[in-house]
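Some notes on the structure that comes next.
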Amino acid sequence: MKALDGVKILDFTHVQSGPTCTQLLAWLGADVIKIERPGGGDATRNQLVDVEGADSLYFTMLNHNKRSLTLNTKHADGKAALEKLVAACDVLVENFAPGALDRMGFSWERIHELNPRMIMASVKGFGPGPYEDCKVYENIAQCAGGAASTTGFRDGPPLVTGAQVGDSGTGLHLALGIVAALLQREKSGRGQRVFAPMQDGVLNLCRVKLRDQQRLAHGPLREYSQFASGEHFGEATPRAGNDSGGGQPGRVLKCKNWEKDPNAYTYFITQEAVWKNICDLIGKPEWRDHPDYATPKARLPRLNEVFEAIEAWTMTKTKFEVMNLCNPLNIPAGPILSMKELAEEPSLRASGTVVEVEHPKRGSYLTVGCPIKLSDSAVEVTRAPLLGEHSEEILREVLGYSKKEVAKLVESGAV
Ligand code: COA
């Protein structure tokens, strides 16, 4: 048994934000039916192609455990099939550009009329307001949601992050909304709309930066390295480089071989509770009780000096040696891991977070499995579907079409 057994999802999503949401729901046990345009399907199938003739990793890594149905929903017969699917399913998830579903003839009002229990979940770039009609991709969301203005170094331009907080982050928000709406439907018997705008999702993940925006009104942000360097704070939360976003100052520090290895770094946190251990470890026992260093407040104007001393020590060790020496002393530190190291990490393989999947056209490939672990709802990652792989099966099993009716739909170009 799986957590979402029995839940049927019409997956009208494409690219990344929507597909990450429905992939998660599939891992939790939902039957996810991905509807794709006949001919090409989700555009990502053919983007960033690495193996000619096979669906790209872009597509396969975002669409595991789903079934694929090709349906031209602008064709009269395709539209009729979609109406039946709406009546037969529990949730419709979509991330089309604003207005596309309405133009197709499937407004929320129409969907609610076809199936009052239907939950309709949407991702758009922006919520109601001046930009509600705009198309949005990941990096636009990162920029519009506050991530880019607060990422990077003070003397450089805004930076987008490698973590896809706009797409995958919003997909996560949407999935939570859907699960909550399913739970509410148990009591109310009614479906509802679930809406997750990407700008709002990114801002939610940048919550601590809005915190700092308001703290600025009461003086400089003393834990930012900018303060220790004596630099002026402007009107908005500044880019903070690798400064820790919390109350325990931290930095990225060089480790042995940093000149040759771009990832020979560690993240080191000067947690208040273990200050004395840090002093002993880096060979600065005189700082243990010295009034200029012994308390977090006294250290704030001296953070550059403190981290320089710690770095002089970390540069004599590999990032893993730093971790192994810090851990027994309860000092929080972590290696900067490359994608290569993560792909090879045995514990991530063992936990099912890095999974090897077999695909008929591309052979075996690595993917990220379900990062949420439920003790009573095991996840087995199965490959993404080929375009239209399950069309006949879905039309016959879910909608009760006969073999002849399916053949007619294929002939008409609706499937
Ligand atoms: N049958 C027939 N038509 C279909 C179809 C199907 N099965 N599936 C999609 N279409 C049509 C849509 O109805 C739409 O037609 P219309 O513009 O004539 O109304 C068309 O395909 C294109 O859809 P659209 O969503 O506009 O795709 P796009 O490639 O132009 O834009 C995005 C892509 C991502 C920019 C846009 O969808 C968007 O802004 N989505 C919301 C935000 C989002 O999720 N962004 C992150 C993506 S990772």
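The values are calculated or read from the model by the stated rules, or taken from the named source; none is laboratory data. Please read all numbers here as calculations on a predicted model, not as lab measurements. A quick note on method: Cβ atoms are made from the backbone with ideal geometry, for glycine too, and the neighbour counts reach across all protein chains shown. The area values use the complete protein model at the heavy-atom level, side chains included, leaving out ligands, DNA and RNA. Shrake-Rupley method; radii C 1.70, N 1.55, O 1.52, S 1.80 Å.
Is there a residue being loosely packed, with under 14 Cβ neighbours inside 10 Å, within 14 Å of the ligand (Cβ to nearest atom) and either under 30 Å from ALA378 (Cβ atoms) or not hydrophobic (A, V, I, L, M, F, W, C) (or both) anywhere in region 79-98? Checked region 79-98: no residue is loosely packed, with under 14 Cβ neighbours inside 10 Å, within 14 Å of the ligand (Cβ to nearest atom) and either under 30 Å from ALA378 (Cβ atoms) or not hydrophobic (A, V, I, L, M, F, W, C) (or both). A single member of HIS112, HIS64 is away from the ligand (no atom under 12 Å from the Cβ), in contact (Cβ under 8 Å) with a residue 60 or more places away in the chain and open to solvent by 50 Å² or more (accessible area, probe 1.4 Å), and it is HIS112. Test GLU286 against the criterion of being part of a helix (DSSP H, G or I) and touching a Leu at 6+ places or on another chain (Cβ under 7 Å), and give yes or no. When the stated conditions are applied, GLU286 does not pass them.
Looking only at region 174-196, residues that are away from the ligand (no atom under 12 Å from the Cβ) and open to solvent by 40 Å² or more (accessible area, probe 1.4 Å) come to 11 in all.
Pairing each residue of region 247-267 that is at pLDDT below 95 with any residue that is loosely packed, with under 15 Cβ neighbours inside 10 Å and not in a loop (DSSP other than H, G, I, E, B), provided the two are 6+ apart or on different chains, yields C-beta distances under 7 Å for GLN248/GLU272. When the residues of region 115-132 are filtered to those that are within 10 Å of the ligand (Cβ to nearest atom) and either of a type in the set (A, V, I, L, M, F, W, C) or farther than 14 Å from PHE195 by Cα (or both), the one that is least open to solvent (accessible area, probe 1.4 Å) is VAL123. Check region 146-157 and report whether any residue there is under 20 Å from SER17 (Cα atoms) and of a type in the set (Val, Ile, Thr). No, every residue in region 146-157 fails to be under 20 Å from SER17 (Cα atoms) and of a type in the set (Val, Ile, Thr).
The residue list THR161, THR170 contains one member that is under 17 Å from the mean Cα position of the chain (by Cα), surrounded by fewer than 21 Cβ atoms within 10 Å (Cβ to Cβ) and closer than 18 Å to ILE140 by Cα, which is THR161.
Residues in region 337-348 include at least one that is open to solvent by 30 Å² or more (accessible area, probe 1.4 Å), charged (D, E, K, R) and in contact (Cβ under 8 Å) with a residue 12 or more places away in the chain.
Right, ALA121: farther than 27 Å from VAL7 by Cβ and either in contact with a helix residue (DSSP H, G or I) (Cβ under 7 Å, 6 or more places away or on another chain) or at pLDDT below 95 (or both) or not? Judged against the criteria, ALA121 is not a match.
Look at (1) of a type in the set (Val, Ile, Thr); (2) assigned to a helix (DSSP H, G or I); (3) in contact with a Gly (Cβ under 6 Å, 6 or more places away or on another chain) and you find that VAL194 fails only one, number (2).
If you take the residues in region 32-61 that are assigned to a helix (DSSP H, G or I) and open to solvent by less than 10 Å² (accessible area, probe 1.4 Å), which one is nearest to the ligand (Cβ to nearest atom)?
Among them, the one singled out is THR44.
Pairs are defined by a Cβ separation below 8 Å, a sequence spacing of at least 6 or placement on different chains, a first member in region 391-409 that is over 17 Å from VAL86 (Cβ atoms) and open to solvent by 30 Å² or more (accessible area, probe 1.4 Å), and a second member that is in a loop (DSSP other than H, G, I, E, B) and not basic (Lys, Arg); the pairs so defined are ARG396/SER402. Residues in region 140-173 that are in a helix (DSSP H, G or I) and near the ligand (Cβ under 10 Å from one of its atoms): ILE140, ALA141, ASP167, SER168, THR170, GLY171. Scanning region 260-279 for residues that are surrounded by fewer than 17 Cβ atoms within 10 Å (Cβ to Cβ), more than 15 Å from ALA309 (Cβ to Cβ) and out of contact with any Leu (no Cβ under 8 Å at 6 or more places or on another chain) turns up LYS260, ASP261, PRO262, GLU272, ALA273. Here ILE278, ILE269 are screened, and the one residue that is of a type in the set (A, V, I, L, M) and in contact with a strand residue (DSSP E or B) (Cβ under 6 Å, 6 or more places away or on another chain) is ILE269. Could you please let me know if ALA3 is part of a helix (DSSP H, G or I) and more than 13 Å from the ligand (Cβ to nearest atom)? So ALA3 fails the test.
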